[in-house]
Amino acid sequence: GGDAVTAQAIAWPDAGELVRRVTIRRWQDIPAVLGMGITHTVDAGIVRWAKMEPVYGVAYWEGAQIGEKPTHRIWVRYGTGTKPADITGEHVVEHDGRRYRVLRTNNVGDAQRFTLIEAKDLGAIPP
């Protein structure tokens, strides 16, 4: 979990706001055959309902201070497969043909209701 998020007041999403189907996948870089570059592989992942919102302002600049800038906040229900310990920097979130690399996760307010994923938009998923 990241502490930057807990320092500011964050309103939990309403259940009706979790309207995006996302797939959370483990991403691995595997050396390609004959040592020529790297092959990216992702597992089957888990599908969850989520709320996605772009990051602006304060949160963006807090991210800038630690190097990686999140472009999106992705909210999922806290539970099996979606606890902060389950979603790490080895994961990506895919939605609507785009891939987002997980930077940080947080059990918001330590309440075990939602996991907040701060992620960076990597662009369109390659064919």
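What follows is calculated from the coordinates using simple rules that are stated; it is not laboratory data. Here the structure is a predicted model, which means the values were calculated and not measured. Note that each Cβ is placed from the backbone with ideal geometry, even for glycine, and that neighbours are counted across all protein chains shown.
Numbers below:
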quantity	calculated
Computed FRET value (nearest 0.05) for I46 with E68, which takes r as the C-beta separation and R₀ as 30 Å	0.80
A32/T80 FRET efficiency (R0 35 Å; Cβ-Cβ; nearest 0.05)	0.55
Amide H partners (placed H, <5 Å) of I125, local residues excluded	R98, R99
Vicinal HN-Hα couplings computed from phi for region 110-124 (Karplus, 6.51 cos²θ - 1.76 cosθ + 1.60; Hz; Gly/Pro x)	6, 9, 6, 10, 9, 9, 9, 9, 9, 9, 10, 5, 9, x, 5
5 angstrom amide H check on T71, placed H, neighbours 5+ away	A119, K120, D121
Long-range HN-HN contacts of F114 with modeled amide H, under 5 Å	Y78, V108
Cα-based reach from K120 at 16 Å (exclusive), listing aspartates and glutamates while leaving out same-chain residues under 8 positions away	E53, E62, E68, E90, E94, D96
Region 16-23 - phi-based ³J(HN,Hα) in whole Hz, Karplus 6.51/-1.76/1.60, Gly and Pro as x	x, 8, 7, 10, 9, 8, 10, 10
Hull volume in cubic angstrom per residue (convex hull over the Cα atoms of region 68-119)	78 Å³
